[in-house]
2 protein chains.
Amino acid sequence: MIKAKIETACTECALSRLCLPVALSTEDVESLEEIIDRPKPLSRGDYLYQAGDAFEALYVVRSGAVKTFTVDSGGTEQITGFYLPGELFGLTGINKPAQNTTAQALERTNLCVLPYDDLDRLCSDVPSLARQIMKVMSDEIREDHALLTLVSKKRAEARLATFLLSIAQRLKRRQLPDESFQLSMSRSDIGNYLGLAEETISRMFTRFQEDGLLAVQRKQIDLIDRDGLQAVCDS
Amino acid sequence: MIKAKIETACTECALSRLCLPVALSTEDVESLEEIIDRPKPLSRGDYLYQAGDAFEALYVVRSGAVKTFTVDSGGTEQITGFYLPGELFGLTGINKPAQNTTAQALERTNLCVLPYDDLDRLCSDVPSLARQIMKVMSDEIREDHALLTLVSKKRAEARLATFLLSIAQRLKRRQLPDESFQLSMSRSDIGNYLGLAEETISRMFTRFQEDGLLAVQRKQIDLIDRDGLQAVCDS
DNA sequence: CGTCTTATTGATTCAGATCAACGACGGTGG
DNA sequence: CCACCGTCGTTGATCTGAATCAATAAGACG
């Protein structure tokens, strides 16, 4: 009974498939479940934590969306990630005195919070949990490298096409509609993330629409020709 | 006696200060020391591992220099890091079936190899070691974000100036000359890393020299006006 | 219903890529 | 030891993708 209850809880917040290590035993999942906190929903624009705050927890999006960004010494903002339902973030703070990024809700958002003190204690007892966290961190590093390649080597249209297909793929993984969806971030956010001006993002959307690759109406995106978009990614 | 011997070994390869967790006890260091392999030196151009190879180990540069790079589906190469003496790399392979990056020696290079099977076993017994590895991984993520900001938001001169000061700082940390040094990578490598053409790197070097910021002769760099270079970083 | 933010579109500019040629060094073999 | 060749770096000329500047339009929200 307890087992069933736990599985339901985790299924709800998407941890079960996407976040929880398959290697964990039922008892381990139970221990993890005990430390998870589910605070009340955040509104658009709310901060989860800001640069300089003490590092306290890892987070998983249950619904909604979050962006993280850094601000360098010269005041330049760089969005480092968008997080959709089922995705884990907050790793850059791990074993550090303070956060160096800021995390902000892009829309009404529900989270799971994994307090790090508890998680760390659990890691000592359950080596496979530590292993899983390392795996997630190395995933993050690989994704950062892919993003670097995108920004450093590809043209504007390839950057945006890759971004859109990545969003679609992640929605699909979460079994959300991936053909027709609402972007939760602004053109300016997308541009910041991809190293482009917001005007350029706007122009590329217009061009993709003219080329019959997608239909766009403000934040509403309908993918029409995925193969076509995929082809644009390699230009 | 044994203790003295171990300390010497680790001091030699720079692990003691830069790589080893301060939190480790002497016995733990001893255990770690036991699993470290020091293979014969690599020549310029030698590969340590290539994309697709099984993930086997983490590496620390003892002397020389290494670059790592990814190749995406379209064949685009992206250098993801240069590693100098005392620096740890190979983390992107952790808990993955295979490497997705390639690592290549830029000059005659000596390494410490930390076989992952052994390291992982040790992590189960010594939680602070797992914690230290996570810390190094989160460092890597932060550095990747800083690089992304550099490539995505800064002009060519700021990118190169930041790169040079970063190299100098890392050499200094290792107590190597940081005012006058040899770059081990080509202009083309620097350009690839920073998202610029090699001609642009060349031109920026010439400009910096004209502006009295440094003296450059092929790979030999002499920093003259560090404050000036620092100022260029924020342009 | 008016105001404020976000998105679109057009005109112009500019940083850096690309194309092209040459020069300098370093390694190799005679 | 020197001459040759190949790679790497420099410099110049031109081109171009995307930024910037500027104006308007369309939602969103109180």
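Take the residues of the range A:194-235 that are touching a residue at least 60 places away in the same chain (Cβ under 8 Å) and surrounded by fewer than 20 Cβ atoms within 10 Å (Cβ to Cβ): which is farthest from DNA strand D (Cβ to nearest atom)? Restricting to residues being touching a residue at least 60 places away in the same chain (Cβ under 8 Å) and surrounded by fewer than 20 Cβ atoms within 10 Å (Cβ to Cβ), the top hit is A:R226. Within the set B:F55, B:F69, the sole residue that is at pLDDT 95 or above and more than 23 Å from A:K153 (Cα to Cα) turns out to be B:F55.
Results for (1) farther than 30 Å from B:S188 by Cβ; (2) more than 14 Å from DNA strand C (Cβ to nearest atom); (3) among the acidic types (D, E); (4) touching a strand residue (DSSP E or B) at 6+ places or on another chain (Cβ under 6 Å), shown as yes or no for each residue.
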{"residue": "A:A158", "(1), (2), (3), (4)": "no, no, no, no"}
{"residue": "A:L164", "(1), (2), (3), (4)": "yes, no, no, no"}
{"residue": "A:I167", "(1), (2), (3), (4)": "yes, yes, no, no"}
{"residue": "A:Y193", "(1), (2), (3), (4)": "no, no, no, yes"}
{"residue": "A:S202", "(1), (2), (3), (4)": "yes, no, no, no"}
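Total residues in the range A:178-235 satisfying the condition of being among the aromatic types (F, W, Y) and closer than 24 Å to B:V151 by Cα: the figure is 2.
Taken together, the criteria place B:A130 among residues that are crowded, with 20+ Cβ neighbours inside 10 Å and within 12 Å of chain A (Cβ to nearest Cβ).
Of the residues in the range A:150-169, at least one is surrounded by 18 or more Cβ atoms within 10 Å (Cβ to Cβ), under 16 Å from the mean Cα position of the chain (by Cα) and away from DNA strand D (no atom under 16 Å from the Cβ).
Residues in the range B:190-205 include none that are farther than 26 Å from B:G75 by Cβ, hydroxyl-bearing (S, T, Y) and under 21 Å from the mean Cα position of the chain (by Cα). In the range B:37-101, counting only strands (runs of 3 or more DSSP E) that sit wholly within it, the ones holding 2 or more residues that are of a type in the set (V, I, T) span B:57-63, B:66-71, B:77-83.
The values are calculated or read from the model by the stated rules, or taken from the named source; none is laboratory data. For clarity, every value in this text was computed on a predicted model and none was experimentally measured. We place every Cβ from the backbone using ideal geometry, glycine too, and count neighbours over all the protein chains shown.
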